[in-house]
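Engineer: First the structure, which I've put down as structure tokens, then a few questions once you've had a look.
The values are calculated or read from the model by the stated rules, or taken from the named source; none is laboratory data. Model, not experiment: these values are computed from the prediction. Note: ideal-geometry Cβ built from the backbone for every residue, glycine included; neighbour counts use all protein chains shown. Ligands, DNA and RNA are stripped out before the accessible areas are found, and what is left, the full protein with its side chains, is counted by its heavy atoms. Shrake-Rupley method; radii C 1.70, N 1.55, O 1.52, S 1.80 Å.
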Amino acid sequence: MKRFFLIIVVLTLLIPTAVYAQGNDPWSEVFQPDGNLNPDLIDLGVTTEHPDWMSIELPFGQSLDLDANYHRYQTPSGNIVVLPSASTLFFMAMNPQESGLTNSNGSLGNGYGSLISFLGLAAGDNLDWNRIQAEHPEYTSPDQFWGAVLNGNQDVWTYFSGWGFITNLLQMTWNDGALRSLYLLYLNGTQNCASIPGGCSGVVTPPPPPRECPDPSVSMQQPVLTIQKTAPNNPLVVGQDTETRRGADIQARVTVPPVIFTWYEPIYEERDVCRSANVGETPNCKTSSGLTINDGVSDTERVFKECRMHVEHLPDAVASLQATAALDAASQDWITGKLGQTHYEAYIHQANFTLIPGIGSWTGGCDGGGTCTATGQALRVPFADPGTFNLRLDVVTTGTRFRGIPITQPRRVGIDGTMKVYVTLPALVP
Amino acid sequence: MKEIPVSKRNLIVAVILAVVIAVGILVIENWPLHTEQGSTASTSEDSLVSAAAVNAIEKVFQVNYQEGKEVWLNRICELSTPAGCELFSAGADRMWEKYVDAKSVVTAAMQAVEKIADNGSEQVWRMTIMLSSPLPGSNKTQDTAYVVLAKTDSGWNFDRFLMEAEINAILDREKTPTTTVEEGKK
């Protein structure tokens, strides 16, 4: 039930208010007056990274490195809009300085109220409010307490009386990657992309334009990714299929449309002119028609004539492709629970597979039009457990360059899929 | 005025009774709560939780690079909550890569030292872990862990390790004089 409320509030928070679209507010180039995202935004896709502030330290110097996950957009003026996943946002709120949350324009202009609502729902029930009120009577409402936490004036960890909500929040985010609650705006993010959440992945950095011509422009479409089981139609767990340990075949494919880079070349022509004579030169023309004697020297000069438009289809090749399969939690519960009740000692053989590179490999390339593709296959994957496997494909591109100048940064994109593995269970029929 | 005769013997008995009652009140009022917690820790429920913690954490630090990451994670996940399993699996890639690079083969023994907090459905335990040999990135063979266990339909399961900020908060609270140990859930 709590999860349901959280999703509802998250969706509510995503509805931008009209204030964003008014005046010189930097949000005005993010949202249209009707509240929809401005179509001029460049969708930079989803970026993941492993920041220290999302690392869980274990004994003996070991650590669990969790993914911070952002969906980002670039505005025409070079600002970056960041939508963290729910778990990433929670850890950002717990580490506002280290995560760069406090550097965002959005955290002040649009976000604190929304962020406080999010924190209240995600963690509010797990705080010892009686103790907070006893030790800090100055906080007359939970919102004041959360505001102090976000400002770095209050340590929240002292007051948690529940702990499992963090793992539940992370699991909820993984199961629903679209659960993003807040828009954070980083002004001039393209100039300072190394210091914003998600770094420079995919950020468009066009070269300075010639003064006489329009600015160059970049447009790009999102890569199309697929990951799916290709055979057999209804895979059985290995050992039960007719062909010995047939398993299943998984195919992953990505198509990256070219980055369209439009730039303008200034065209000049030479024109005869009469320029002022320098010392030592013999005048041979008049610099003004009203003159009766020569005072200048014949010469040529470059004069701007026109802007010639060039459209480049830049290939953004695939640099790496990784595919994995993981038995989902419900299936694992079913095997160890319900199946275990009827089939003694039912257990999970292998819940996670590294498909590509690993069981299979991938190849890729780009055609003359700048479209790049990559395909990977993992054949005869020995799935030994029945249930639903979550498939995951992650791709990193090389980014694009034109005449040695970086035009777009490497992009990280990913997609999820599912496949089912079946088991035949014997039944006694009276 | 009527005189009530009181014998010397009765007077001594009355004084002794008064002293015993006063001492009794003082003892009850100042009885340290950690003694109460000590008895709580010995309940069968806590024994179950501490045993679950020992079993689960033993699996975490029982590393054999030749077995492969999946076998290692499956052992941990069998004793974990679904969310705890997912959390550990999602963050363990780089840790396992280090184990493979270092060809780590390590066994572990551990002891549940103390229940730190309890809200009914979750408990936090302080544990001492001893390794047969150090893991990569450390030269220690003994360390302390703070572990969250959660009550599920199948009993008590490992959920996660506390984060550094949470541990620091607990240690800070232990430094301040307080008799409250049991956490109250809102």
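Engineer: Identify, by number, the condition in (1) assigned to a strand (DSSP E or B); (2) in contact with a helix residue (DSSP H, G or I) (Cβ under 9 Å, 6 or more places away or on another chain); (3) at the interface with another protein chain (Cβ under 10 Å from one of its Cβ atoms); (4) open to solvent by 20 Å² or more (accessible area, probe 1.4 Å) that B:Val124 doesn't meet.
Structural biologist: For B:Val124, the failing item is (4).
Engineer: Of the conditions (1) touching a residue at least 60 places away in the same chain (Cβ under 8 Å); (2) among the aliphatic types (A, V, I, L, M); (3) open to solvent by 50 Å² or more (accessible area, probe 1.4 Å), B:Leu149 fails just one. Which one is it?
Structural biologist: Failed condition: (3).
Engineer: State whether the residues of the range A:334-355 include one that is in a strand (DSSP E or B), more than 10 Å from every other protein chain (Cβ to nearest Cβ) and closer than 30 Å to B:Thr81 by Cβ.
Structural biologist: yes
Engineer: So, one more: Would you mind stating whether B:Ala117 is surrounded by 16 or more Cβ atoms within 10 Å (Cβ to Cβ), facing another protein chain (nearest Cβ under 10 Å), at pLDDT below 90 and not in a helix (DSSP H, G or I)?
Structural biologist: On the way: surrounded by 16 or more Cβ atoms within 10 Å (Cβ to Cβ): yes; facing another protein chain (nearest Cβ under 10 Å): yes; at pLDDT below 90: yes; not in a helix (DSSP H, G or I): yes.
So B:Ala117 fits the description; yes.
Engineer: When residues of the range A:300-333 are filtered for being within 14 Å of another protein chain (Cβ to nearest Cβ) and either touching a residue at least 60 places away in the same chain (Cβ under 8 Å) or in a loop (DSSP other than H, G, I, E, B) (or both), how many remain? Break it down into steps so the answer makes sense when it comes.
Structural biologist: Going through the range A:300-333, the residues within 14 Å of another protein chain (Cβ to nearest Cβ) turn out to be A:322, A:324-333.
Narrowing the set further to residues that are either touching a residue at least 60 places away in the same chain (Cβ under 8 Å) or in a loop (DSSP other than H, G, I, E, B) (or both) leaves A:322, A:324-329.
Residues in the range A:300-333 being within 14 Å of another protein chain (Cβ to nearest Cβ) and either touching a residue at least 60 places away in the same chain (Cβ under 8 Å) or in a loop (DSSP other than H, G, I, E, B) (or both): 7 in total.
Engineer: Among the residues of the range B:129-141, what is the count of those that are open to solvent by 30 Å² or more (accessible area, probe 1.4 Å) and either touching a strand residue (DSSP E or B) at 6+ places or on another chain (Cβ under 7 Å) or within 19 Å of B:Ser44 (Cβ to Cβ) (or both)?
Structural biologist: Residues meeting the conditions: 4.
Engineer: Which of the strands (runs of 3 or more DSSP E) contained wholly in the range A:45-93 include at least 2 residues that are away from chain B (no Cβ under 14 Å)? Can you show your working first?
Structural biologist: Numbers: elements: A:55-57, A:63-65, A:68-74, A:80-84.
Answer list for the range A:45-93: A:68-74, A:80-84.
Engineer: A further question follows. State all residues of the range B:67-99 that are in a helix (DSSP H, G or I), more than 9 Å from chain A (Cβ to nearest Cβ) and closer than 19 Å to A:Gln350 by Cα; if no residue qualifies, say none.
Structural biologist: Across the range B:67-99, the qualifying residues are B:Trp72, B:Arg75, B:Ile76, B:Trp96, B:Glu97.
Engineer: Further question: Of everything in the range B:71-89, what is without any contact (Cβ under 8 Å) to a residue 60 or more places away in the chain and among the polar types (S, T, N, Q)? Give them in sequence order. So that I can check it myself, show each step before the final result.
Structural biologist: So in the range B:71-89, the residues without any contact (Cβ under 8 Å) to a residue 60 or more places away in the chain come out as B:71-75, B:77-78, B:82, B:85-86, B:89.
Listed by number, the residues that qualify are B:Asn74, B:Ser89.
Engineer: Of all the strands (runs of 3 or more DSSP E) wholly in the range A:190-277, which have at least 3 residues that are of a type in the set (A, V, I, L, M)?
Structural biologist: By residue number, A:224-231, A:248-256, A:259-276.
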